[in-house]
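The values are calculated or read from the model by the stated rules, or taken from the named source; none is laboratory data. Here the structure is a predicted model, which is why all the values come from computation and not from measurement. Backbone-built Cβ (ideal geometry, glycine too); neighbour counts: all protein chains shown.
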Amino acid sequence: MPEGGTWSGLGALGPGWTLYVGAVGATGDHAHHAVQVLLADTPVTLRDAAGHRHRCRAATIPPNAPHGITEGSPRAVMVLLDPVSAAGRAAAHRSTADARTWGAPWLPEVADLVPGRDVDPPAVVTRLRTALTGAASPPNPAVHPALTKAMAHLPTVLDRTVRLTEVSAEVGLSPGRLRHLFTAELGLPFRRYVLWLRLQRALRCAATGASLTEAAHAAGFADSSHLTHVTRRMFGLAPSELARAVQPVG
């Protein structure tokens with residue numbers, strides 16, 4: 001793991017969110033589909049793709065923005081939010097790919113979200129969602145009904161090859177039209193969106209005690225090496241590092 005601190009804490013997964021509470025260390029540069037919200041007891045240093053750095057105790061990082069942590073904190077709350085959710089849109093609305101726009105001093109303090117040693121993941125996420133949507137709530141964009149149907153269908157087929165032609169037939173659109181909707185309305189190509197769903201599935205499996213190989217196969221990855229490659233690209237950390245550092249709760 002890069003210099004700048006180590007990771008050790010508790011993690012939880014829920015519908016549309018991933019929560020981590022604990023020490024935050026350095027990461028390599030990475031990008032992911034989720035909106036990242038980071039709150040820390042002590043200032044952390046973040047870096048963007050252009051090399052700009054921002055030091056802060058609270059930040060919101062928009063989806064698909066390359067970033068890295070160069071200096072961590074001994075205690076922090078990190079939440080990854082589905083970017084099509086109200087809280088995800090509100091968080092992303094305030095920032096760009098430039099690290100200098102990521103500061104979010106209006107967010108709650110870590111001690112307010114997690115006042116003691118016990119962590120109540122849904123309560124933490126609910127409190128943070130309320131803070132985000134109350135601070136900035138951009139208009140709710142209309143999502144094409146076929147896209148909504150495709151998003152509901154995809155989790156049911158992740159354990160096998162996912163083809164755009166089959167999904168488009170399921171929702172009653174041409175492949176080209178559905179491909180366009182993913183990019184235009186979700187800001188992510190179809191294949192990358194499926195990759196993110198696979199990663200979420202694999203991490204959920206690993207959190208319940210599955211081996212990396214079992215988790216990889218359950219999520220439709222070719223093998224554990226493929227899962228490792230994708231996890232490092234999406235989070236800047238290998239699955240083995242996450243498994244050693246994060247103990248699931250909830």
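Quick one: is LEU80 in contact (Cβ under 8 Å) with a residue 60 or more places away in the chain, over 30 Å from PRO175 (Cβ atoms), not assigned by TED's automatic domain parsing to the domain that holds TRP196 and not acidic (Asp, Glu)?
Against the criterion (in contact (Cβ under 8 Å) with a residue 60 or more places away in the chain, over 30 Å from PRO175 (Cβ atoms), not assigned by TED's automatic domain parsing to the domain that holds TRP196 and not acidic (Asp, Glu)), LEU80 does not qualify.
Please determine whether any residue of the stretch 106-127 is assigned to a helix (DSSP H, G or I), over 30 Å from ALA222 (Cα atoms), of a type in the set (Gly, Ala, Ser) and at pLDDT below 95.
Yes.
Among the residues of the stretch 229-250 satisfying the criterion of being assigned to a helix (DSSP H, G or I) and among the small types (Gly, Ala, Ser), which is modelled with the lowest pLDDT?
Per the criteria, the residue is ALA245.
Test THR126 against the stated conditions and say whether it is surrounded by fewer than 21 Cβ atoms within 10 Å (Cβ to Cβ), of a type in the set (Val, Ile, Thr), closer than 27 Å to ARG201 by Cβ and outside the structural domain of TRP196 (by TED's automatic domain parsing).
Here the answer is yes, as THR126 does meet what is asked.
So which of ARG94, ARG47 ends up being modelled with pLDDT of 90 or more and either under 18 Å from the mean Cα position of the chain (by Cα) or among the small types (Gly, Ala, Ser) (or both)?
Matching residue, one of ARG94, ARG47: ARG47.
Taking the stretch 183-217, which residues are of a type in the set (S, T, N, Q) and part of a helix (DSSP H, G or I)?
If the condition is that a residue be of a type in the set (S, T, N, Q) and part of a helix (DSSP H, G or I), then THR183, GLN200, THR213 are the ones that fit.
So that you can scan it fast, the table gives a plain yes or no per residue for (1) buried (at least 18 other Cβ atoms within 10 Å of the Cβ); (2) in contact (Cβ under 8 Å) with a residue 40 or more places away in the chain; (3) not aliphatic (A, V, I, L, M):
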| residue | (1), (2), (3) |
| --- | --- |
| ALA146 | no, no, no |
| VAL157 | no, no, no |
| VAL162 | yes, yes, no |
| GLY187 | no, yes, yes |
| LEU197 | yes, yes, no |
| ALA202 | yes, no, no |
| ALA207 | yes, yes, no |
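I need the full set of residues from the stretch 66-90 which are under 17 Å from GLY9 (Cβ atoms) and not in a strand (DSSP E or B), in order please.
GLY72, the sole residue that qualifies.
Which pairs turn up if I take residues in the stretch 1-26 that are in a loop (DSSP other than H, G, I, E, B) and surrounded by fewer than 22 Cβ atoms within 10 Å (Cβ to Cβ) and look for partners that are among the charged types (D, E, K, R) and modelled with pLDDT of 90 or more with beta carbon separation below 9 Å, at least 6 apart in sequence or on another chain?
Going by the 9 Å Cβ cut-off, the qualifying pairs are GLY4/GLU71; GLY5/GLU71; ALA26/GLU71.
Which residue is surrounded by the most Cβ atoms within 10 Å (Cβ to Cβ), if the candidates are limited to the stretch 37-77 and must be free of Cβ contacts under 8 Å to residues at least 40 places away in the same chain and among the hydrophobic types (A, V, I, L, M, F, W, C)?
Filtering first and then ranking leaves VAL44.
Just a yes or no: is a residue in the stretch 164-185 closer than 25 Å to PRO62 by Cα, of a type in the set (S, T, N, Q) and touching a Pro at 6+ places or on another chain (Cβ under 9 Å)?
yes
Given ALA91, ALA86, ALA59, which one is under 20 Å from ALA184 (Cα atoms), in contact with a strand residue (DSSP E or B) (Cβ under 7 Å, 6 or more places away or on another chain) and in the same structural domain as ALA12 (by TED's automatic domain parsing)?
After applying the criteria, what remains is ALA91.
Do the conditions hold for GLY16, that is, is it modelled with pLDDT under 90, touching a Ser or Thr at 6+ places or on another chain (Cβ under 9 Å) and within 25 Å of ALA207 (Cβ to Cβ)?
Yes.
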